[in-house]
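These notes are about the structure you will find just below.
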Amino acid sequence: MAHVDAVVVGAGPNGLTAAVVLAGAGLSVLVYESAAEVGGGARTQELTLPGFHHDPCSAVLPLGAGSPVFRALPLDRHGLEWVHPEVPLAHPFPGGSAAVLTRSPEETARSLGPDASRYLRLIGPFVDRWDDLSADVMRAPLAGLPRHPLLLARFGTRAGLPAGTLARLFRGERARGLVAGLAAHVIAPLGTPVTGGVALLFALAAHAVGWPFPRGGAGALSGALAGYLRELGGEIHTDHPVRSLDELPPARAYLLDLSPRDLAAVAGPRLPAGYLRRLDGHRRGPGVFKIDYALDSPVPWAAEECRRAGTVHVGPSLPEIGAALEAARRGREPRPPFLIVAQPSLFDPSRAPAGRHVLWVYGHVPYGWRGDLTEGIEGQIERFAPGFRERVLARTTAGPAELEARNPNNVGGDIAGGYSGGLRLLFRPTLTPVPYVTPNPAVFLCSSATPPGAGVHGMCGYHAAREALRRVFRK
Ligand SMILES: Cc1cc2nc3c(=O)[nH]c(=O)nc-3n(C[C@H](O)[C@H](O)[C@H](O)COP(=O)(O)OP(=O)(O)OC[C@H]3O[C@@H](n4cnc5c(N)ncnc54)[C@H](O)[C@@H]3O)c2cc1C
């Protein structure tokens, strides 16, 4: 087998980003992907009926649009175009009204009623500083000094709070519900430290870069990364599951876009027992239950703001969202579940036949849960969109087992690369200053099991590739 500089295992957003960074530095790079196509958590498929293009995993990519590494790559030249919904996010309440999160902080504040000025005071110091803040927040936690320490320290005083505490800084249920829904993206109970920071970061992303979809679906982002990688001379082999590093061509560096479990399986014989034990102790997060729908017309939301929104958070109040997340953590079905809903075809007609629509929904469930959340999900949507069920032409459901079958990185339905509450968001998968390196100097971990964690932003891959460049290739 030919000798190459670097081999990347797994062509998810982080694996592809790592490969692009290495190939961009002039190295020869091979990527091996077990699925038939690249993309991992950023793919688009006809899951229900012909002509309906669904995203089986990620759909809404604020952290992708705001990612320091993606913004530095010529992905538009390789077909990436962002589609911005009129309203990035709507959060409906009983009675037919909704709070909104839009590009305008003022419009967002107005939708929060009595908390309008409090919202503006909270986000004011950061709202025009996305580039500075995102570069520091998405950096490897202990990698030198932040570039904007005062800004980061000021952000930290709010970001370190549990989301429940941050939400209670507001008086009204609208602002409290909005904060809780934003924090729920981290899939950890709202009483956990740092979950408030996730809510703030998603709100700031909406104002700075929006909550867009790639035109054509999330797969277009992966296609653009793969296209750029090939232009740089990288090679991608799909339909190629890797069971052991011994199967791979000799290389100076191996970057693994894998879960900690599969890092141990693939590279185990070349890693010391102590490190393998620590990987084994890596804590898993709750799972999700996903449904992709083909609809004969848009969702009949009672609140008109939701009919103009790319994303809708369904679960009205701080206590209800908190209870749903807590149930998933404690091994129980959430009743009712909190839902994250995306409606990309309202803004991108290429996603479905004329007049028809795709709908993307998930709710949180316990790790490895074997139940069926379809009734719970549809009952919850009907609460805010009476008549929804009559619009359904077809549905494809995926609980934890199906999500893991689609992508082995979704262990037990955990889509976040491991539990992400508190300091686990910053120090993962083990407590170590440089999480991308392993005790074997040729083996690196580049998946979302490393900081800054879940989401399609490529920053885990970027940091791992930078470590490999520095340590192995002296670049
Ligand atoms: C249902 C769902 C909804 C989501 N929604 C969003 C969202 O809206 N926005 C957002 O930003 N993020 C979302 N995410 C999270 C996001 O998809 C992930 O955080 C992101 O994809 C992680 O990227 P990654 O490269 O680390 O891993 P992955 O995307 O999981 O890629 C890993 C790749 O490695 C491959 N692989 C695994 N094992 C092997 C092996 N042994 N040999 C070869 N290849 C292997 C897999 O097939 C996969 O292609 C969602 C995820 C899911 C599942």
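The values are calculated or read from the model by the stated rules, or taken from the named source; none is laboratory data. All figures in this text were calculated on a predicted structure; none of them were measured in a lab. Here the Cβ is made from the backbone with ideal geometry for all residues, glycine too, and neighbour counts use every protein chain on show. What goes into the accessible areas is simple: the full protein's heavy atoms, side chains included, and nothing from ligands, DNA or RNA. Shrake-Rupley method; radii C 1.70, N 1.55, O 1.52, S 1.80 Å.
Taking residues in the range 130-155 that are closer than 19 Å to Ala205 by Cα, and partners anywhere that are β-branched (Val, Ile, Thr), the pairs with Cβ atoms closer than 8 Å and at least 6 places apart or on different chains are Trp130/Val209; Leu152/Val137; Phe155/Val137.
I'd like the full set of residues that are among the β-branched types (Val, Ile, Thr), within 10 Å of the ligand (Cβ to nearest atom) and in contact with a Leu (Cβ under 8 Å, 6 or more places away or on another chain), limited to the range 441-460. Break it down stepwise before answering.
Here is the first cut: in the range 441-460, the ones among the β-branched types (Val, Ile, Thr) are 443, 450, 456.
Still in the running and within 10 Å of the ligand (Cβ to nearest atom): 450, 456.
Once the filter is applied, which keeps residues that are among the β-branched types (Val, Ile, Thr), within 10 Å of the ligand (Cβ to nearest atom) and in contact with a Leu (Cβ under 8 Å, 6 or more places away or on another chain), the range 441-460 yields only Val456.
Pairs meeting the criteria (first residue in the range 112-128 and part of a loop (DSSP other than H, G, I, E, B), second residue aromatic (Phe, Trp, Tyr) and surrounded by 15 or more Cβ atoms within 10 Å (Cβ to Cβ), beta carbons under 9 Å, at least 6 apart or on different chains) are Leu112/Tyr119; Leu112/Phe170. Over 21 Å from Val411 (Cβ atoms) and either modelled with pLDDT of 95 or more or touching a Cys at 6+ places or on another chain (Cβ under 8 Å) (or both), is that true of Ser111? It is true that Ser111 is over 21 Å from Val411 (Cβ atoms) and either modelled with pLDDT of 95 or more or touching a Cys at 6+ places or on another chain (Cβ under 8 Å) (or both).
There is no residue in the range 268-284 that is within 12 Å of the ligand (Cβ to nearest atom) and over 13 Å from Thr438 (Cβ atoms). When you go through Pro429, Pro435 one by one, which is the residue that is open to solvent by less than 10 Å² (accessible area, probe 1.4 Å), touching a residue at least 40 places away in the same chain (Cβ under 8 Å) and touching a His at 6+ places or on another chain (Cβ under 7 Å)? Of Pro429, Pro435, the one residue that is open to solvent by less than 10 Å² (accessible area, probe 1.4 Å), touching a residue at least 40 places away in the same chain (Cβ under 8 Å) and touching a His at 6+ places or on another chain (Cβ under 7 Å) is Pro429. When Asp136 is tested against (1) more than 27 Å from Gly285 (Cβ to Cβ); (2) among the acidic types (Asp, Glu); (3) open to solvent by less than 50 Å² (accessible area, probe 1.4 Å), only condition (1) is not met. Checked against (1) charged (D, E, K, R); (2) more than 14 Å from the ligand (Cβ to nearest atom); (3) modelled with pLDDT of 95 or more, Arg158 passes all but condition (3).
Assess whether Arg406 counts as being without any contact (Cβ under 8 Å) to a residue 60 or more places away in the chain and open to solvent by 10 Å² or more (accessible area, probe 1.4 Å). So Arg406 fails the test. For the range 223-235, how many residues are open to solvent by 30 Å² or more (accessible area, probe 1.4 Å) and either of a type in the set (Val, Ile, Thr) or under 28 Å from Gln45 (Cβ atoms) (or both)? Adding up the residues that qualify gives 6. When Leu201 is tested against (1) more than 16 Å from the chain's Cα centre (by Cα); (2) crowded, with 24+ Cβ neighbours inside 10 Å; (3) among the aliphatic types (A, V, I, L, M); (4) not in a loop (DSSP other than H, G, I, E, B), just one condition goes unmet, and that condition is (1). For the range 400-429, a tally of residues being at pLDDT below 95 and either more than 11 Å from the ligand (Cβ to nearest atom) or at positive phi (or both) returns 12.
Looking at Leu169, is it assigned to a loop (DSSP other than H, G, I, E, B), on the phi < 0 side of the Ramachandran plot, more than 13 Å from the ligand (Cβ to nearest atom) and open to solvent by 20 Å² or more (accessible area, probe 1.4 Å)? Write out each step before concluding.
Numbers: assigned to a loop (DSSP other than H, G, I, E, B): yes; on the phi < 0 side of the Ramachandran plot: yes; more than 13 Å from the ligand (Cβ to nearest atom): yes; open to solvent by 20 Å² or more (accessible area, probe 1.4 Å): yes.
Taking the combined requirement at face value, the residue satisfies it.
Please tell me if Thr397 is surrounded by fewer than 24 Cβ atoms within 10 Å (Cβ to Cβ), within 23 Å of Leu325 (Cα to Cα) and more than 8 Å from the ligand (Cβ to nearest atom). Judged against the criteria, Thr397 is a match. Within the range 336-365, being out of contact with any Phe, Trp or Tyr (no Cβ under 8 Å at 6 or more places or on another chain), open to solvent by 10 Å² or more (accessible area, probe 1.4 Å) and in a loop (DSSP other than H, G, I, E, B) holds for Pro336, Ala354, Gly355. Just one of the listed residues (His185, His148) is under 18 Å from the mean Cα position of the chain (by Cα) and open to solvent by 20 Å² or more (accessible area, probe 1.4 Å), and it is His185. Sub-8 Å Cβ pairs linking a first residue in the range 15-43 that is within 23 Å of His3 (Cα to Cα) to a second residue that is within 10 Å of the ligand (Cβ to nearest atom) and among the charged types (D, E, K, R), at least 6 apart or interchain, are Gly15/Glu33; Gly15/Asp257; Ala18/Asp257; Glu33/Asp239; Ser34/Asp239, ordered by first then second residue. Of the residues Val69, Val29, the single one that is within 21 Å of Gly233 (Cβ to Cβ), under 17 Å from the mean Cα position of the chain (by Cα) and more than 12 Å from the ligand (Cβ to nearest atom) is Val69. Every listed requirement among (1) within 28 Å of Ser447 (Cα to Cα); (2) among the hydrophobic types (A, V, I, L, M, F, W, C); (3) surrounded by 15 or more Cβ atoms within 10 Å (Cβ to Cβ) is met by Leu142 save one, (3).
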